[in-house]
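The values are calculated or read from the model by the stated rules, or taken from the named source; none is laboratory data. What you see is a predicted model, and the numbers here were worked out from it, not measured in a lab. Here the Cβ positions follow ideal geometry from the backbone for every residue, glycine too, while neighbour counts run over all protein chains shown.
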Ligand code: NAD
C-alpha cells in the first residue's frame, strides 16, 4: 500500500527550495548548472537542484564570515530559541519530511520518520545546551592572579554530510555549531539534497539571520570545498563520510591548522556469547543490521557468535531476514533500495567474494532485477575470516556469521580492524559485558542493545573511524575554543 499519490509526491518536491542558500537568499548556481535528484527505488529523476561550484562556495563563506561576529554576539538564549522553534516546526511537519527523505534516499517511510524525530532531537538538545556555555573562575595555586576561562565560538565552519542519514547527519552538526555561535557553510550530499534544503528553509523560517547558515549543493565536492579549506576565513571542518575522504580532508586542513571533527566509516562487530538471551540477540541483530537497510556507519558488519549458539542464531536471523518485505519505501515495506548502482555493485561483489571462499547464503544473496537498486536481505553462514566483507564496510542488508570459542578470541577478532566506531555485545553476565566493553577498541558499545544513537549521548569513533564527538554535552565543545584570561590579584 502506497502512503502517497504521485501528485502528493510531486507537490511535496515542488514545495522544497531547489536553489543554493547564500547570505539569506535562495539563488541558482552562478554557473546556472543543475543536478538531477534520483529516486533510488525506480531510477527516475525526481527534480533538478542547483549544482554549485567554488564561486558559490566562496560567496557562501563570505556571507558566513560577515555574519559571524553578530551571531557570536547574539545572546545564547536567542540562538537557542531559534533552534527550539525549528525543532517544533520539524516535529509538526515530520510526515512530509519523512516522505521527502524516502523519495530521495529510499528507506521505508516509517524509518525516515524515525530519522526526522532523531534529527529534530539535536535541535532541541542543542537549544538547551546553548545557554550552558559557561566559563570558570579559579585562583592560581601560587597566588598573585586569578584564572578566568571563557568559551567562544570557533568561527565559520564547513560542514560536509553524507546521503545515508540526509537530515540527522546535518542537524548533528548544524545544531551545535549554531548553538555555539558559529556560522556555517553546509555541503550536503548531492544524492540527497532535498532533505537538507527543506531543513535550511525551516531554520530560516525559525528566524535565523541572513548568512548564518549557507547551503551549497555540488557534484564537484573536492573542487568546490578545497578553496574554502585553503581560505583563512574558515576556522573549522566537520565531516561525516568515508574514511578515505576524511583522511584527505585532514591533510587539506593542515596548512590553515583548522579545527577538525571526523565521523568516518565503521566495521561494527556484533558479538553473541552462549549465555545471551538469544531472542533479544536476534532482535538486536535485526535492528543493528537492517536499520537504514544496512547503509549505516553503525551497521553490524560482522556477527561473531559463540560456537554452541551459532547455528540456532544464524537460522533464526535468516528466518527473520527472509520475512522482510523489500520494495519502494513509500509502499509499507521493511527494506528499501540501496542508494545507487555503485553501492549495489559493491554489495554484490562482497557477497560473491564470501561465497567463493566457502560461505553459504541461508537466505538472500542476490540483487533484485528490474529498476531500483534492491538487494535481498541476506545471511551468510560459514564465512571465512579472510573474506573481504569481514574487513570492509558492506553498507547493505548482508549479515555474515562467524564463530568463536572463547572470550579472548572474540575480543581479538572484534578489534582486528582499522575501524573503531561501535561494537555490540550480547551476554547475560554483567562482569563479562563490562570487561568486554572495556576491551573493545571502539568509541561506542551497545550492551544487549542493537541501536544506541541518542542526541543526548556522545557519538563518535576511535582509530580510523575518526575523532570528535557529536551529541551529548561533548557535542558543542567541537565548536568552541577555551580562552584563558589571567587577572592580576594584587591583594596577594
Ligand atoms: P563519502 O565520503 O563518499 O561522502 C561524504 C560527503 O563528502 C558527501 O557530501 C560527498 O559529496 C563529500 N565528498 C566526497 N569527496 C569529497 C572531497 N574530495 N572533498 C570534500 N567533500 C567530499 O561518503 P558517503 O558514501 O556519502 O557516506 C557513506 C560513508 O559515511 C560510510 O563510510 C559511512 O560509514 C560514513 N558515515 C559515518 C558516520 C559516522 O558518524 N561515523 C555516519 C554516517 C555515515
Are any of the residues in region 251-261 farther than 15 Å from residue 56 by Cα, in a strand (DSSP E or B) and either within 13 Å of the ligand (Cβ to nearest atom) or outside the structural domain of residue 17 (by TED's automatic domain parsing) (or both)? yes
What residue, of 76, 5, is more than 21 Å from residue 338 (Cα to Cα) and either outside the structural domain of residue 122 (by TED's automatic domain parsing) or at pLDDT below 95 (or both)? 5
Residue in region 320-346 that is surrounded by the fewest Cβ atoms within 10 Å (Cβ to Cβ), counting only those that are touching a helix residue (DSSP H, G or I) at 6+ places or on another chain (Cβ under 9 Å) and part of a helix (DSSP H, G or I): 320
Any residue that is in a strand (DSSP E or B) and in contact with a helix residue (DSSP H, G or I) (Cβ under 6 Å, 6 or more places away or on another chain) - is there at least one of those in region 347-354? no
Across region 266-295, the tally of residues that are within 14 Å of the ligand (Cβ to nearest atom) and either at positive phi or surrounded by fewer than 24 Cβ atoms within 10 Å (Cβ to Cβ) (or both) stands at 4
Within region 152-173, is even one residue more than 12 Å from the ligand (Cβ to nearest atom), at pLDDT 95 or above and part of a helix (DSSP H, G or I)? yes
Counting just the residues of region 209-241 that are assigned to a loop (DSSP other than H, G, I, E, B) and free of Cβ contacts under 8 Å to residues at least 60 places away in the same chain, which one comes out farthest from the ligand (Cβ to nearest atom)? 232
Taking the condition surrounded by fewer than 23 Cβ atoms within 10 Å (Cβ to Cβ) and more than 16 Å from residue 266 (Cα to Cα), does residue 380 pass? no
Number of positions in region 38-67 that are assigned to a helix (DSSP H, G or I) and either buried (at least 22 other Cβ atoms within 10 Å of the Cβ) or touching a strand residue (DSSP E or B) at 6+ places or on another chain (Cβ under 6 Å) (or both): 8
Which residue, of 288, 281, 276, is assigned to a loop (DSSP other than H, G, I, E, B) and under 30 Å from residue 429 (Cβ atoms)? 276
I'd like the full set of residues that are out of contact with any helix residue (DSSP H, G or I) (no Cβ under 8 Å at 6 or more places or on another chain) and part of a helix (DSSP H, G or I), limited to region 68-84. 68, 69, 70, 72, 73, 78
Counting only residues that are touching a helix residue (DSSP H, G or I) at 6+ places or on another chain (Cβ under 8 Å) and closer than 30 Å to residue 6 by Cα, region 51-67 contains a total of 1
What number of residues within region 181-208 are outside any loop (DSSP other than H, G, I, E, B), within 12 Å of the ligand (Cβ to nearest atom) and out of contact with any helix residue (DSSP H, G or I) (no Cβ under 7 Å at 6 or more places or on another chain)? 1
Failed item, numbered, when residue 375 is tested on (1) within 16 Å of residue 293 (Cα to Cα); (2) in contact (Cβ under 8 Å) with a residue 24 or more places away in the chain; (3) surrounded by fewer than 23 Cβ atoms within 10 Å (Cβ to Cβ): (3)
Going through region 183-203 one residue at a time, which ones are over 20 Å from the mean Cα position of the chain (by Cα) and surrounded by 24 or more Cβ atoms within 10 Å (Cβ to Cβ)? 183
Does residue 142 fit the bill of being in a loop (DSSP other than H, G, I, E, B), over 17 Å from the mean Cα position of the chain (by Cα), in the same structural domain as residue 16 (by TED's automatic domain parsing) and more than 28 Å from residue 59 (Cα to Cα)? yes
Going by the structure shown, is residue 206 crowded, with 24+ Cβ neighbours inside 10 Å, in contact (Cβ under 8 Å) with a residue 12 or more places away in the chain and more than 18 Å from residue 53 (Cβ to Cβ)? no
